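Q: Please see the structure below; I have some questions.
Throughout, read-outs are computed from the coordinates displayed, never taken from laboratory work. The structure displayed is predicted, hence computed values, not measured ones. Note that each Cβ is placed from the backbone with ideal geometry, even for glycine, and that neighbours are counted across all protein chains shown.
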Amino acid sequence: MSLLMKNFDIRVDGVPHLDDVNLEFKRGKLYTILGRTLSGKTTLLRTIAGLQTPDKGGLTLHGKEFLSLPVWKRSVAMVYQQFINYPHLTVLANVTFPLNRAHIPKSEARERAREVLAKVGLSQFEKRKPRSLSGGQQQRVALARALVKRSDILLLDEPLVNLDYKLREQLREEFLNIFQGQNDAIVIYTTTEPGEAIQLGHELIVMDEGAVIQQGDPLTVFNSPSTIRCAEIINDPPMNILEGSISGGDLNLRGKVKFPVPDHLKGLSDGAYLFGLQAADLYIGRGITGKVKLSEISGSQTILHMQGGIGSFIVYEAGVHHHPIGSTVEFGIDKNRIYAFSVDGELMCPPTETSGQGR
């Protein structure tokens, strides 16, 4: 049983909002859609919900025509970025509201609502009004109202984006446990955060400019991004991309840094390439010189935005350190963690599973 989307196209003034999208969503799986703002994530969800009509394409649910169904007949529940709750109703009344509209008997509606409120950790708040709740609790009310409908499809459009970092981390873990119980539903969750997409999803879909650019197991996509664009989206901060070449057994980075070709890249022919390195695979220590353009503190890490002979790049440094803008810093490269892309941006060779830490 699945939701099948074929050749979906939506264009506005010639700009693709969805560009020949072909996807299959299976029941009992959680799909995370990762993409930057305006990548087409929300448009895709709105189309499934019936709030937007494609210029062309087909949509079936469990083999039956779905696209022509009116919104009110679609078995779809949607949770938005904003906390969309009814301020004049109690938490319990908010959650029972869709069941009352569906003419579910009041006693059954209250029982189902209380079951879902317990699942999202709000049992003790059922008599409160939304305005008396925290942001995270309000979003849980919205989630409970969606879950109580027991829809075939649950859509979540960046539901944590307006919460602070710590609360977002907490709810992300709670959501994962909640979604595990949705075995009969198709769950689709959109986000701009790579870590969130990898942590939550059974399957990851990466979108850019309305198109699906890669799909698969989250860790597989992270470790083997098919293109530079996908590598930039799936990494936070974006993967460092450095111009270079392979010649005579040596790898050259812009003619400034040269070293023997790592074992995992020895099958590549001589020629020009674009080489990728995650920020964690460059380290402060020895070998190459760069100047600091910006220094950021993130938790227990220092993130250095650098400029040097090999180009612009980002380096992680463990701990909290002060590096004035314009200061010179030495760093090294974990050569076994280098990705090789063609000059057109297609992945040629990722690091092997046994690569790494070979500094």
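Q: Per 0.36 nm of contour for each residue apart, how much would the distance between Ser123 and Lys293 grow if the chain were fully extended, relative to their Cα-Cα spacing? Provide the component values of the computation, followed by the final result.
A: Numbers: separation 170, 0.36 × 170 = 61.20 nm, distance 5.02 nm.
Here the segment from Ser123 to Lys293 would lengthen by 56.2 nm.
Q: Work out the charge dipole of the chain with +1 on the Cβ of Lys and Arg and -1 on the Cβ of Asp and Glu about the Cα centre, then indicate which of Gly136, Phe175, Ile284 is farthest towards its positive end.
A: Projecting each Cα onto the dipole axis, the largest value belongs to Gly136.
Q: Obtain the nm distance between the two label points defined at Thr37 and Ser68 by a simple spin-label model: each point lies 7 Å from its Cα along the Cα-to-C-beta direction.
A: 3.9 nm
Q: For the range 129-265, just say rounded, prolate or oblate: build the C-alpha gyration tensor, square-root its eigenvalues into a ≥ b ≥ c, call rounded for a/c under 1.5, and beyond that prolate if a/b exceeds b/c, oblate if not.
A: Verdict is prolate for the range 129-265.
Q: Cβ under 11 Å from Val76's Cβ, Val76 left aside: what net charge do those residues give with Lys, Arg +1 and Asp, Glu -1?
A: Value of the local net charge: +3.
Q: May I pose another question? Considering only DSSP states other than H, G, I, E and B, which trypsin sites (Lys or Arg not before Pro) in the range 134-174 qualify as loop sites with at most 15 other Cβ atoms within 10 Å?
A: Arg150
Q: Take Val15 and Leu167, extend 7 Å from each Cα along the Cα→Cβ direction, and tell me the distance between the two endpoints in nm.
A: Once both label points are built, they end up 3.1 nm from each other.
Q: Starting from the Cα gyration tensor of the chain, take the square roots of the eigenvalues, sort them a ≥ b ≥ c, and report rounded, prolate or oblate (rounded when a/c is under 1.5, otherwise prolate if a/b is larger than b/c, else oblate).
A: Judged from the Cα gyration tensor, the chain comes out prolate (a/c at least 1.5, a/b above b/c).
Q: Find, among the trypsin sites (Lys or Arg not before Pro) in the range 208-300, those assigned to loop by DSSP (not H, G, I, E, B) with at most 12 other beta-carbon atoms within 10 angstrom. Working shown, then result.
A: On the way: sites: Arg229, Arg254, Lys256, Lys258, Lys266, Arg286, Lys291, Lys293; in loops: Arg254, Lys256, Lys266.
Counting only loop positions with at most 12 other Cβ atoms within 10 Å, the trypsin sites (Lys or Arg not before Pro) in the range 208-300 are Lys266.
Q: Counting each DSSP H run of 4 or more residues in the chain as -39500 (n - 2.57), what helix-only mean residue ellipticity at 222 nm follows after dividing by all residues, to the nearest 500 deg cm²/dmol?
A: Calculated at 222 nm, the ellipticity per residue is -7000 deg cm²/dmol.
Q: Which shape class, rounded, prolate or oblate, goes with the range 237-349 when its Cα gyration tensor gives a ≥ b ≥ c as root eigenvalues, a/c under 1.5 marks rounded, and past that a/b bigger than b/c marks prolate?
A: prolate
Q: Gain in length, Gln52 to Asp184, computed as 0.36 nm per residue apart minus the alpha-carbon separation, to one decimal in nm?
A: 45.0 nm
Q: Angle, helix 135-147 long axis vs. longest principal axis of the chain, Cα atoms, 0 to 90°, nearest 10?
A: 60 degrees
Q: Measure out, as a whole number of angstrom, how far apart the alpha-carbon centroids of the range 110-168 and the range 1-43 sit.
A: That distance is 25 Å.
Q: For Thr60, Thr227, Thr42, what's the fewest-to-most ordering of other Cβ within 10 Å of each Cβ? Don't skip to the end; give the middle numbers.
A: Values: Thr60 15, Thr227 18, Thr42 21.
By the 10 Å Cβ count, ascending, the order reads Thr60, Thr227, Thr42.
Q: Report, in degrees rounded to the nearest 10, the 0 to 90 angle that the Cα long axis of helix 91-101 makes with the longest principal axis of the chain.
A: It is inclined by approximately 70 degrees.
Q: In addition: Which residue, His62, His264, His103, tops the fluctuation ranking in a GNM of the chain built on C-alpha contacts under 10 Å?
A: Looking only at His62, His264, His103, the biggest GNM fluctuation is shown by His103.
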